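Just below is one structure, and these are the notes that go with it.
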Amino acid sequence: MNLPPNDHESDLVQECYAVVYTPKKKRKRFPENCVEVMANDLQALEQCDEENHRYPAKVIGPSRSSEGSMLYYLVHWL
């Protein structure tokens, strides 16, 4: 899957750390309402809750999909 380009001159689409709600870790993109952006990787690791399907990750986003929804793309799981 191609990731959206990371524009260093804009703050629209950026790499960031987050806690992602997903029942399974197989997906590579997530709707905006399933992603909670964190200040850093340590905060994402502290806020994760695997019993409730909330996993720490590095993501890129938000980016508008062709359907008009805002998505975050997985860079990697922490």
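Restricting attention to the range 29-78, and to residues there that are in contact with an Asp or Glu (Cβ under 9 Å, 6 or more places away or on another chain) and aromatic (Phe, Trp, Tyr), which single residue is nearest to residue 16 (Cα to Cα)?
72
Six or more apart or on different chains, Cβ under 9 Å: which pairs go from a residue in the range 16-42 that's surrounded by 13 or more Cβ atoms within 10 Å (Cβ to Cβ) to one that's among the charged types (D, E, K, R) and assigned to a loop (DSSP other than H, G, I, E, B)? Could you list them?
Note: pairs meeting the criteria are 20/27.
So, in the range 22-65, of the ones that are in a strand (DSSP E or B) and acidic (Asp, Glu), which residue ends up farthest from the chain's Cα centre (by Cα)?
Here the residue is 49.
Laboratory data are not the source of any read-out in this text; all were calculated from the coordinates shown. Everything numeric in this text was worked out from a predicted model, so none of it was measured. Reconstructed Cβ throughout: ideal geometry from the backbone, glycine too, with neighbour counts over all protein chains shown.
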